[in-house]
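> After the C-alpha cells below, expect a handful of questions from me.
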Amino acid sequence: MDKSTLESVYAENSERFLEEWKAFLRFQSISTDPEYNDKCRDCANWLVEHLKGMGLHSEILETPGKPVVFASYEGKEGAPTVLYYGHYDVQPVDPVEDWESPPFEPEIRNGRLYARGAQDNKGQTFYFIKALETLLKAGALNCSLKLFIEGEEETGSKGISKVIPEWTERLKGDVLMVCDTGSVGPGIPTLTMGLRGIVHFSLRLDGINNDLHSGSHGGLVKNPAMEMARLLATLHDETGKVTVEGFYDGVSDIDPEDRKLANAAPFDEADYIGTIGVAPVGGEDGFTPAERKGFRPTIEVNGLHSGYGGPGSKTIIPDHAIAKISARLVGQQKPQETLDKIVKHLEARAPEGLNFKVSEASVGGPALLLSSKAPVILKAREVLGEISDHDPVFSWEGGSIPVVASLAQAAGAEPLLVGFGLEEDRIHAPNESFAVEQFRLGFLYVGLMLSKF
C-alpha cells in the first residue's frame, strides 16, 4: 500500500481511530501498584477482543506477573515474519493535582491528546494496530505478523523475563519492530540504534528509634540524611566519572562512524533549556550530549527522602534516610555484576553507627546496539524518507526498554526501533500527551514499513 492510499484511509477513519484510542487510554493499567492488577487485566482483555475484531488470532498468555496479549496473522508463504513488541501498562499518575485534566479521561487540547499512556506506550502501540488493521482490510499484508504486548514494561518486565525462554518457538521472527522510542525533534524521523541497559535498587540508612531533638543529640549520633548525602557523593568524582571499581568493565570506545552519525542528529541547546529548564551539562566531561546520552553509562539518584520537608523549621535529626538509585548501562556491561559492584562500593563506605540496608534490587535487560548498515535499517530509512521532508537521523537512545535485547535474541529477529515520541510529550510526568500529528506519522510509517515486507 502506498503513502497516498494510507493518507486517504487515515483521513476517512481518523475520528474512529481517535475514539478507539481514547477507549484504550481509559484503562487504569498502572503496573507498579498491585491495587491496579484488575485494571491491567481488564485492559489486556479489551485489547484481545479488539484484535480479534480485526481478524487476528488473539489470546492472553499468563506470566508470573501481568498477562501478555499475543496475536498472530499467517501471511504468504515465503514472506518474512514481523514480531511487534509494545506494552499496555502505564506509569503512576502522581502528583495527580498537577494534571490539568483527569489522567484517565482523555482530552484533546491544541491538537494533542492528554492522558496517562497517551504516548508511552498506548499511543504508539495503537497507531501500529490501526495501520495493521488498514492493511488487513485491504488484503495488502504479505508478511506474517505476531504482536506481543506486555503489561509490566514500566516495572522491568519481570514476568515475561522469566517465561521468554519457554516461548522461543512462539516468538520466532525475522524482524522485531518496536515503537516505544522517539524522534530527536518534531518532523525529524529518527532511527534508534541503541538502548541502554538498566539496574535499580533502594538504599536505606536507619537504626535510630525515632526522630531526635537536634540540640540534645546533635554531635552524638550520625545523622542519616547527612550520611546518605555523603555516601551518594562517593559515586562520582568532580569530572562526573563514576568511581565504582570495575564499573566501566565492558564499556568500549565509541565507534568513529557511530560517533559521527550520533552527533549529526540535530541538538539545539537553547531549545533543550527551554523545554527542560536547565542546561545539558550533566554526566562525564569530554563527551557531547549525544555521546553522554547514548554511549556512556550513568548512575543516578531517582529519589531522596529523609526528615521534615514542610513549611518553617523542625529541628530534628531524622531517624532514617532512603535513596532510590538506578544505573544505565552500555556496551557489554553485565547488569547483575554491575549492580553488585555498586552495592559493594556503597557498603564499603557505609557510616558507622547506622544500619545499611539494600532492598528492591532489580536487574533489567542489557544494552542493545544495532548496525546502521543492517538491511532492515536501510529499508526503514527509505520509508521514513517518504513521510518527511527531513532526512532521517540516527540516535543512540539513553533510555531502556528492558526486555528488547532478550526478546530479539529469543526470537532470532533483527530489531528495528522507530517511534515518534517527543520530549514535550512529558511521558512519566503529569500532563502526558501525544500529538495527533505524531500519531498520524506513526500510522504512515507502520503501514509503509509492513507493506515492504
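The values are calculated or read from the model by the stated rules, or taken from the named source; none is laboratory data. Remember, it's a predicted structure, so these values are computed and weren't measured experimentally. Ideal geometry is used to build each Cβ from the backbone, glycine not excepted, and the neighbour counts take in all protein chains shown. These accessible areas exclude ligands, DNA and RNA; they are computed on the full protein's heavy atoms, side chains included. Shrake-Rupley method; radii C 1.70, N 1.55, O 1.52, S 1.80 Å.
> Taking only DSSP H segments of four or more residues, each worth -39500 (n - 2.57), what value at 222 nm results for the chain once the sum is divided by all its residues, to the nearest 500 deg cm²/dmol?
On the way: 14 runs with 155 residues, N = 453.
It lands at -10500 deg cm²/dmol.
> For the chain, with all protein chains present and a 1.4 Å probe, just round the carbon and sulfur fraction of the accessible area to a whole percent.
On the way: 9610 of 20090 Å².
That fraction is 48 percent.
> Compute the projected area of the convex hull of the Cα atoms of the stretch 326-424, averaged over all viewing directions, and report it in nm² to one decimal place.
Average of the hull's projected areas for the stretch 326-424 equals 9.5 nm².
> Work out how much length residue 271 to residue 237 would gain on full extension: take 0.36 nm times their residue separation and subtract the Cα-Cα distance, in nm to one decimal.
So the extension gain works out to 9.4 nm.
> Further question: Lys and Arg at +1, Asp and Glu at -1: add these up for the other residues within a Cβ distance under 15 Å of residue 175 and post the number.
+2
> Within the stretch 302-347, how many Lys pairs sit with Cα atoms under 21 Å apart, leaving out pairs fewer than 8 places apart on the same chain? Each step should come with its number before you reach the end.
On the way: 324/334; 324/341; 324/344; 334/344.
Eligible lysine pairs with Cα atoms under 21 Å apart amount to 4.
> So, in nm, how far is label residue 79 from label residue 19 when the simple model puts each one 7 Å beyond its Cα toward the Cβ?
Inter-label distance under the simple model: 3.0 nm.
> Mind jotting down a quarter of the surface of the convex hull over the alpha carbons of the stretch 368-453, in square nanometres, one decimal? Can you show the working numbers first?
Working: hull surface 26.4 nm².
Across all orientations, the stretch 368-453 yields a mean hull projection of 6.6 nm².
> Compute the helix-to-body angle for 122-137: its Cα long axis versus the longest principal axis of the chain, expressed 0 to 90° and rounded to tens.
Taking Cα atoms only, the helix is inclined about 10 degrees.
> Give me the 1.4 Å probe accessible area per residue for the stretch 318-453, excluding ligands and nucleic acids, in Å².
40
> How many percent of Cα pairs in the stretch 1-158 exceed 23 Å?
The proportion of pairs with Cα distances above 23 Å equals 40 percent.
> On a full-extension model of 0.36 nm per residue, what is the gain between residue 172 and residue 348, subtracting their alpha-carbon distance, rounded to one decimal in nm?
Details: separation 176, 0.36 × 176 = 63.36 nm, distance 4.50 nm.
Going from the current span to full extension adds 58.9 nm.
> Highest mean first, how do 272-279, 440-447 rank when packing is the count of other Cβ atoms within 10 Å averaged over residues?
440-447, 272-279
> Quick one: Cα centre-to-centre distance for the stretch 392-433 and the stretch 1-24, in angstrom?
First find each Cα centre; the distance between them is then 23 Å.
> Pairing the Cα long axis of helix 375-387 with the longest principal axis of the chain, what angle in degrees results, from 0 to 90 and rounded to the nearest 10?
80
> When the Debye formula is applied to the Cα atoms of the stretch 137-267, each taken as the same point scatterer, what base-10 log of I(q)/I(0) results at q = 0.14, 0.16, 0.20, 0.23 Å⁻¹?
At q = 0.14, 0.16, 0.20, 0.23 Å⁻¹ the computed log10 ratios are -1.08, -1.20, -1.34, -1.37.
> Turning to a different aspect of this structure: Tell me, what is the FRET efficiency for residue 263 and residue 202 to the nearest 0.05, using R0 = 22 angstrom and their Cβ-Cβ distance as r?
0.05
> Take residue 357 and residue 217, extend 7 Å from each Cα along the Cα→Cβ direction, and tell me the distance between the two endpoints in nm.
Going from the residue 357 label point to the residue 217 one covers 1.6 nm.
> Could you check the simple spin-label distance between residue 373 and residue 45, using points 7 Å along Cα→Cβ, in nm with one decimal?
The two pseudo-label positions are separated by 5.2 nm.
> Once you have the Cα-Cα distance between residue 11 and residue 336, take 0.36 nm times their residue separation minus that, and quote the gain in nm to one decimal.
Values: separation 325, 0.36 × 325 = 117.00 nm, distance 4.87 nm.
Stretched out fully, the residue 11 to residue 336 stretch lengthens by 112.1 nm.
> Right, here's the next one. Could you provide, to the nearest whole Å², the per residue accessible area of the stretch 2-98 with probe 1.4 Å?
It amounts to 48 Å² per residue over the stretch 2-98.
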